[in-house]
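The values are calculated or read from the model by the stated rules, or taken from the named source; none is laboratory data. These figures come from a predicted structure and were not determined experimentally. Neighbour counts run over all protein chains shown; Cβ positions are idealised from the backbone, glycine included.
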């Protein structure tokens, strides 16, 4: 083999090596990027959290107690209304007195129902705000521990979808495929349940 042939072979090998290195550099960012992205389902975090389950159980108990009280007042109102219709004579002082009792009970019952409704809404709002803030903190901590650069929310839609929710589901379901990404949902749930600051 003469000198020209050797030189040509070296140049060909060098060119092939250069192309291979360039291809490797072009392909590696995609692999690295996908491996540094995490996914979390907020719906699954809320549904799988023991603390959220405890909050729901406590809320159900309070609601049952409130309903029992409302049922008592409703029975009392029914009794007083029955007396107004069947016991006292219209146009008499006793009728006016009984009518006033009925009005007061109706007002009391309606006010209490509205109070319970507003109280429930305020309690739920505060709890979900606290839970979501704790979820964000947990996601940040877990992502840093895993060396991730980005975390996306991915909650799989539940089928069949109600007709009035189709377009909202389509517009909010942003991550359609997450192959190669790291699912952090279970780690986030564990950190939330271990939190000393989040209390139902």
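Looking across 169, 155, 185, 197, one residue alone is more than 21 Å from residue 37 (Cα to Cα), surrounded by 13 or more Cβ atoms within 10 Å (Cβ to Cβ) and in contact (Cβ under 8 Å) with a residue 12 or more places away in the chain. It is 169. With respect to the conditions (1) touching a helix residue (DSSP H, G or I) at 6+ places or on another chain (Cβ under 7 Å); (2) at pLDDT below 95; (3) in a helix (DSSP H, G or I), residue 46 lacks only one, and its number is (2). Exactly one residue among 84, 54 is assigned by TED's automatic domain parsing to the domain that holds residue 172, modelled with pLDDT of 50 or more, assigned to a helix (DSSP H, G or I) and under 30 Å from residue 173 (Cβ atoms), and that residue is 54.
The set of residues in segment 142-152 that are part of a helix (DSSP H, G or I) and either in contact (Cβ under 8 Å) with a residue 60 or more places away in the chain or surrounded by 11 or more Cβ atoms within 10 Å (Cβ to Cβ) (or both) comprises 142, 143, 145, 146. Taking the listed residues 161, 189, 116, the one that is modelled with pLDDT of 95 or more and in the same structural domain as residue 40 (by TED's automatic domain parsing) is 189, with no other qualifying.
Would you check if residue 101 is modelled with pLDDT of 90 or more, surrounded by 10 or more Cβ atoms within 10 Å (Cβ to Cβ) and outside any helix (DSSP H, G or I)? For residue 101, the condition - modelled with pLDDT of 90 or more, surrounded by 10 or more Cβ atoms within 10 Å (Cβ to Cβ) and outside any helix (DSSP H, G or I) - is not met. A single entry from 172, 155 fulfils the requirement of being in the same structural domain as residue 135 (by TED's automatic domain parsing) and touching a helix residue (DSSP H, G or I) at 6+ places or on another chain (Cβ under 6 Å): 155.
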